[in-house]
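Let me begin by presenting the structure, written as structure tokens, before commenting on it.
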Amino acid sequence: MSFIQIANLILVNIIIWLIFNYFWSNWSFKLFKPYRWLDTTKSKSVHKDIISAERHCKDKNRFYEHWLLIEQADDNMVDGALVFIGVEDITYPQIASLARNEREIVLIDNFENEKIEVVKENCQGEVSRQTIDIKKPDSADIERLAKSNKQVRIVKAGIGEGLADLPPKIAFAAIDTVRFDDLLAALKQVYSRLESGGAIIVHDFNHDWDDVRRAVRQFEASVSEAFIPIPDMFGSCVMVKN
């Protein structure tokens with residue numbers, strides 16, 4: 001066998017290997033949509049704007065977990081409102097508003113862009129200070145949401161102050177703040193109003209925020225339930241009340 005034949009054989013094998021790897025990765029890294037989502041969209045029982053939001057949402061796992069838990073609250077006839085504390089993405093309150101017009105939906109946030117100073121230590125033990133921009137939804141989007149559904153109530157305030165306006169009964173709550181005091185206070189206040197079978201989602205639990213994990217663990221030690229990690233983009237965790 002000549003050198004050119006050997007080279008051609010090696011090249012053919014490399015091409016076959018690359019093609020195999022392409023199709024293997026395309027299958028193995030495919031995001032499989034929940035059966036319930038496929039079944040309900042097929043039967044056309046999901047609002048068309050929710051389907052549109054799903055198509056445009058980058059974090060599909062987070063989208064499905066919100067939608068499924070809101071659906072579960074109805075399945076289990078859990079009484080109460082749908083609450084969003086700390087709103088960085090209007091997508092999830094929109095899902096709630098479109099899916100459940102009959103429930104009160106409460107949004108608590110000051111809706112002002114802000115910068116947060118954090119101190120990080122890398123694997124080499126080097127400590128550095130970072131400034132992170134936190135952007136909030138456009139005020140026009142908030143106003144549009146409130147006008148589209150009379151059940152939507154906007155509490156424009158800091159989390160600590162806004163918790164005083166929580167509804168007496170809660171069926172579902174999504175909490176998105178990286179401040180320890182705000183998160184711990186929100187968990188305590190929401191849990192005391194959370195109906196049996198209701199759920200709490202905390203965002204950024206398995207991300208780069210030590211205060212989020214610390215607040216969740218401290219709160220978790222005071223109740224009988226545990227938080228389960230969810231594999232969305234920034235690692236949320238979820239708890240269902242006994």
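Quick rundown of the values:
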quantity	calculated
Matching residues in the range 56-70 - criterion: being out of contact with any Phe, Trp or Tyr (no Cβ under 9 Å at 6 or more places or on another chain) and either surrounded by 21 or more Cβ atoms within 10 Å (Cβ to Cβ) or modelled with pLDDT of 95 or more (or both)	65
Residue 175 vs. criteria touching a Leu at 6+ places or on another chain (Cβ under 6 Å), open to solvent by less than 50 Å² (accessible area, probe 1.4 Å) and of a type outside the set (Ser, Thr, Tyr)	no
Residue in the range 100-119 that is open to solvent by 70 Å² or more (accessible area, probe 1.4 Å), farther than 26 Å from residue 59 by Cα and at pLDDT below 90 present	yes
Residue tally, condition small (Gly, Ala, Ser), part of a helix (DSSP H, G or I) and touching a strand residue (DSSP E or B) at 6+ places or on another chain (Cβ under 7 Å), over the range 153-191	2
Long-range neighbours under 6 Å by Cβ, at least six apart or interchain, first residue within 18 Å of residue 172 (Cβ to Cβ) within the range 221-241, second among the acidic types (Asp, Glu) and outside any loop (DSSP other than H, G, I, E, B)	227/220; 230/65
Breaking point among (1) at pLDDT 90 or above; (2) outside any helix (DSSP H, G or I); (3) surrounded by 14 or more Cβ atoms within 10 Å (Cβ to Cβ), for residue 77	(3)
Selection within the range 140-161 - more than 17 Å from residue 92 (Cβ to Cβ), surrounded by 12 or more Cβ atoms within 10 Å (Cβ to Cβ) and among the small types (Gly, Ala, Ser)	157, 158, 160
Scope the range 38-68; condition under 19 Å from residue 103 (Cβ atoms) and over 11 Å from the mean Cα position of the chain (by Cα); matching residues	40, 45, 46, 47, 49, 50, 53, 68
In the range 192-206, the residues that are in a strand (DSSP E or B) and either touching a Phe, Trp or Tyr at 6+ places or on another chain (Cβ under 7 Å) or open to solvent by less than 10 Å² (accessible area, probe 1.4 Å) (or both)	194, 198, 199, 200, 201, 202
Complete set of residues in the range 216-232 that are surrounded by 13 or more Cβ atoms within 10 Å (Cβ to Cβ) and more than 16 Å from residue 190 (Cβ to Cβ)	230, 232
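The values are calculated or read from the model by the stated rules, or taken from the named source; none is laboratory data. Remember, predicted model here, so these are calculated numbers, not experimental data. Glycine also receives a Cβ, built like all others from the backbone with ideal geometry; neighbour counts cover every protein chain displayed. Ligands, DNA and RNA are excluded from the accessible area calculation, which covers all protein heavy atoms including side chains. Shrake-Rupley method; radii C 1.70, N 1.55, O 1.52, S 1.80 Å.
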